Protein chains: 2
Amino acid sequence: MASQIVTPFRSAAHDHSHCVDEALSQAERNCADRGVRLTHIRRRVLELIWRRHEPVKAYDLLDQLRLEHRGAAPPTVYRALDFLLAEGLIHRIESLNAYVGCGDPSHPHLGQFLICEHCNAVAELDDAEISDLLHRKARTMGFSVNWQTIEINGTCPACAKKQTKGGG
Amino acid sequence: MASQIVTPFRSAAHDHSHCVDEALSQAERNCADRGVRLTHIRRRVLELIWRRHEPVKAYDLLDQLRLEHRGAAPPTVYRALDFLLAEGLIHRIESLNAYVGCGDPSHPHLGQFLICEHCNAVAELDDAEISDLLHRKARTMGFSVNWQTIEINGTCPACAKKQTKGGG
DNA sequence: AGACGCGTGTTATAGTGTTTCACCTGAATT
DNA sequence: AATTCAGGTGAAACACTATAACACGCGTCT
C-alpha cells in the first residue's frame, strides 16, 4: 500500500475492450453503492474517455457526443465531467486541460500522473511515500495540505525504446 | 541545498516595495548576463506580477497594462509572459491559469508550489528530496522525467491561525 | 542603402469553461 | 389522481484563456 500503481502504462498484452468494460462495470457498481445515478450521458462520457485511454479534451468529447446526440452542448459535457470527477471516476490533468479515467475509483484519492510527451500515455500512481513527503515538507512550513496536483511529463518506456532504435 | 525554500510565505515583517525592487533588479542582472532584452513591457508585466505577490491572471495583467498603454492586447501580455517564463523569471500555476514571480531566477528550475486556498498566498520550493523521489518512482516504471508540475493546495500558516481564532 | 532579427501593433480566431432559464421526468407526498 | 420537489437535461448566450497571422518599426550589420 506504500507505493501503489493505480494505472500502469499499457503493455502489448493490454486487452483494451476488456479494460473499458471493466471500468464501466466498476463505475456502475460504485454509483449503485453510493446511490448516485450513472445516467446515459454520464456513462457515455466515461466510456469515451476510457476508449481513448489517454487524456481527452472536453471539446473532443463534445464532438463525439454530437455524432449521436444532437443538442449536445458544452454544459452537457461539463456536467458529466463534473459528476465523474466528483465520484472519482475520472481525474483532471491540469497541465493538459484534459481528463483521464481513474484506475481505482473505489476509494477517493488525488493521484500522481506520469504523462508521456510522445504518445500521451498516462500512468497513475497513488503513492503514499510521495504524499507523505509532500505533507511533511508542507508541515515544516506550517502549511496544511488539502489537495495535490502532481503531473510528471517525460518519456514512457515504450517511447524510450523507439527513440533508442530510431535516433542516433 | 537538499531542501530549499525559494519563496516563503510572507511574514508580517515583509518589506514589499523592497521585495519588488529586488526582484526587478535581479531580473535586469539576469537578462543582461544572458544577453536578452528586458523591454519596457516585459519589465512592466514582471513588476505587476511581483506587486501582487500572488498568482495573477493574464487578463488581469492586460487590464492593468491597458490603463497606461492603449493598444495593449492579449498577445502583448502573452508574449511578455512567454519571455518571462522562458527566462525563468516567473512560473505558471497550471491549476489556476495564473502566474507568479520566481523567487530565484538565477538558475533554471521547475519548483513546487504551496497555494493557500483562503488568501491565495503562494510559497515556492525547489526541493531536491521531492524531485529525487519523483524521479526514482518514475524510473522504477521505466519513465524518464522531463518536467514536473507540483501544486499543493491547502491552508497557509496565517490563515490557519485566523481560522482557529474565528471558527468554532 | 539594403537585409535581417526582433519586438510590437492589430485584428481575428481558436480553445476552455460558466451562467441562466426553461423543461421534463420520476419519486415522494397529499 | 393531483401536487410537489429535486435532479437531470436542452438551449442560448456569454466569459475567460490563449494563439494565429500579418504588418510595421527600429536597431544593427554589411
Fill in the blank from the handout: Scanning segment A:53-67 residue by residue, those of a type in the set (Lys, Arg) and in contact with a strand residue (DSSP E or B) (Cβ under 9 Å, 6 or more places away or on another chain) turn out to be A:57
Handout entry: Number of positions in segment B:135-168 that are assigned to a strand (DSSP E or B), aliphatic (A, V, I, L, M) and either over 24 Å from residue B:116 (Cβ atoms) or more than 8 Å from chain A (Cβ to nearest Cβ) (or both)
Key = 1
Handout entry: Output for segment B:35-45, where each listed residue is more than 14 Å from residue B:85 (Cβ to Cβ) and in a helix (DSSP H, G or I)
Key = B:40, B:41, B:43, B:44
Practice task
Tell me which residues, restricted to segment A:88-116, are within 10 Å of another protein chain (Cβ to nearest Cβ), within 16 Å of DNA strand D (Cβ to nearest atom) and touching a residue at least 40 places away in the same chain (Cβ under 8 Å).
Solution key: A:93, A:94, A:95, A:96, A:97
Handout entry: Near pairs, Cβ below 6 angstrom, 6+ apart or cross-chain, from segment A:65-83 (within 9 Å of residue A:41 (Cα to Cα)) to any residue that is within 9 Å of DNA strand D (Cβ to nearest atom) and of a type in the set (Lys, Arg)
Key = A:80/A:42
Completion exercise
In segment A:46-79, anything under 23 Å from residue A:151 (Cα atoms) and either away from DNA strand C (no atom under 15 Å from the Cβ) or in a helix (DSSP H, G or I) (or both) is listed as A:46, A:48, A:49, A:50, A:51, A:52, A:53, A:58, A:59, A:60, A:61, A:78
Completion exercise
Residue hits (segment A:1-34; within 16 Å of DNA strand D (Cβ to nearest atom) and either assigned to a loop (DSSP other than H, G, I, E, B) or within 14 Å of chain B (Cβ to nearest Cβ) (or both)) are none
Practice task
Would you be able to say whether some residue in segment B:117-133 is among the acidic types (Asp, Glu), out of contact with any helix residue (DSSP H, G or I) (no Cβ under 9 Å at 6 or more places or on another chain) and closer than 25 Å to residue A:155 by Cα?
Solution key: yes
Practice task
Name every residue in segment A:85-119 that is touching a Leu at 6+ places or on another chain (Cβ under 9 Å) and away from DNA strand C (no atom under 13 Å from the Cβ), in order of residue number.
Solution key: A:87, A:89, A:101, A:102, A:105, A:111, A:112, A:113, A:114, A:115
Exercise for the section: Collect the residues in segment A:117-134 that are surrounded by fewer than 18 Cβ atoms within 10 Å (Cβ to Cβ) and facing another protein chain (nearest Cβ under 9 Å), keeping them in residue-number order. Expected result: A:117, A:129, A:133
Problem - Tabulated pairs, segment B:127-144, first charged (D, E, K, R), second modelled with pLDDT under 95 and in a strand (DSSP E or B), C-beta under 9 angstrom, 6+ apart or interchain - result: B:127/B:3; B:127/B:4; B:129/B:3; B:137/A:3
Completion exercise
Exception for residue A:92 within (1) among the charged types (D, E, K, R); (2) in contact with a helix residue (DSSP H, G or I) (Cβ under 9 Å, 6 or more places away or on another chain); (3) assigned to a helix (DSSP H, G or I) falls at (3)
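The values are calculated or read from the model by the stated rules, or taken from the named source; none is laboratory data. As the structure is a prediction and not an experimental result, all values here were calculated from the model. Note that each Cβ is placed from the backbone with ideal geometry, even for glycine, and that neighbours are counted across all protein chains shown.
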